[in-house]
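Peer 1: I am attaching a structure below and will ask some questions about it afterwards.
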Amino acid sequence: MANILVISDSAAMRNEIIGTLTRRGFDTIPCDDGHKASTLLKEHQPDLVISDSQVTSMGIMAITRELRMLEAEENLSRTPILAILDRRPDIFLARRADTDAWLVKPCNPAALRWTANTLLDPDKTWTEQNLEAELAGTLEKPTPPITPDEQTPSEEPAEAPA
């Protein structure tokens, strides 16, 4: 399963994110200091980074810049970064920081999992219906539609009442 670096100086926030992810089988690496993030990125080379927008004395722009510089210096592959923002106006900062996605607090656990899955597997089709189903707790594998030549007489639609 995917390995995810979770950066937050708030133990409650970090534990909430880690709990949401580990319940779905993800492996996590906790980090409570933005300055330690680059060391953990180099050591573990996670598949995804999830960072609070402000960790100790570092904001999301500084954290992202430091991680992107390390990737370039060490010739590491680009790791997607998901920013957890305090408020909607911070989306501007997340865009400027070169994060790959963002969520605004409070984060819905289903939206967090859906966004993580999307960043980890961008080739898979993750639709808004998937998110709505995940939010409702009813996500199932979609069944392919039946084509008209596959219908049996018992599957024909009933006549509308007159």
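Peer 1: In the stretch 1-45, what residues are of a type in the set (Val, Ile, Thr), without any contact (Cβ under 8 Å) to a residue 12 or more places away in the chain and closer than 18 Å to Val55 by Cβ?
Peer 2: Thr39
Peer 1: Still on this structure, please answer the following. Would it be correct to say that Ala11 is more than 16 Å from the chain's Cα centre (by Cα) and either closer than 17 Å to Asp98 by Cα or among the polar types (S, T, N, Q) (or both)?
Peer 2: no
Peer 1: Could you please let me know if Asp86 is surrounded by 17 or more Cβ atoms within 10 Å (Cβ to Cβ), under 27 Å from Arg24 (Cβ atoms) and within 17 Å of the chain's Cα centre (by Cα)?
Peer 2: When the stated conditions are applied, Asp86 does not pass them.
Peer 1: Moving to a separate point now. Does the stretch 16-38 hold any residues that are aliphatic (A, V, I, L, M), surrounded by fewer than 21 Cβ atoms within 10 Å (Cβ to Cβ) and part of a helix (DSSP H, G or I), and which are they?
Peer 2: Residue satisfying the conditions is Ile18 alone.
Just so you know, all these numbers are worked out from the coordinates, no wet-lab data involved. Treat the numbers as computed from the prediction; the structure is a model and nothing was measured. When we count neighbours, we look across all protein chains shown, and the Cβ atoms used for this are built from the backbone with ideal geometry, even at glycine.
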